[in-house]
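Asker: Questions regarding the structure given below will be posed in turn.
The values are calculated or read from the model by the stated rules, or taken from the named source; none is laboratory data. All values derive from a computational prediction rather than experimental measurement. When the accessible area is computed, the model is the full protein with side chains, heavy atoms only, and any ligands, DNA or RNA have been set aside. Shrake-Rupley method; radii C 1.70, N 1.55, O 1.52, S 1.80 Å.
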Amino acid sequence: MAEKPRPVQVLYCPVCSLPAEYCEFGPDFEKCKPWIIQNAPHLYPDLVKEVADKEAEKTGEKLQGMQISGFQMIHINFPNSPYYVQIDFTIPVLNDWDDSLE
C-alpha cells in the first residue's frame, strides 16, 4: 500500500507575501533580503556570502586605521568536549578600541 502524500510546508516571506524561494521575482527583493538572511539563508547562499564579504570588508577597513601596540597570547580550552581541544592564537593589542566592531 502506498503512503499518503504529506502536505508541503511553505515558508512565506512576510515582506512580499511570496514563498521565500520566489522573493527574488517579487516587487522589491532588496526589502526582503534582511528577512531572508535571518530566516531562510539556505535558499540564497550567494546572498549570505555577499553580505558576509561586505561585513568582513567593512571590519577590515576599520581595523586598518587602528595602531597596534603589541601582541597578546590567548588560550581557549573546551573542557566539556569529548576530545582534548586547545586553541592558541596571537592577537594584536589595539591602542584605541572601537566598540562598533563588536
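Asker: Can you report the number of residues in the stretch 17-68 which are of a type in the set (S, T, N, Q) and at pLDDT below 90?
Answerer: Qualifying residue count for the region: 3.
Asker: May I ask you to list the residues in the stretch 1-27 that are open to solvent by less than 60 Å² (accessible area, probe 1.4 Å) and over 20 Å from the mean Cα position of the chain (by Cα)?
Answerer: Across the stretch 1-27, the qualifying residues are Cys16, Leu18, Pro19, Gly26.
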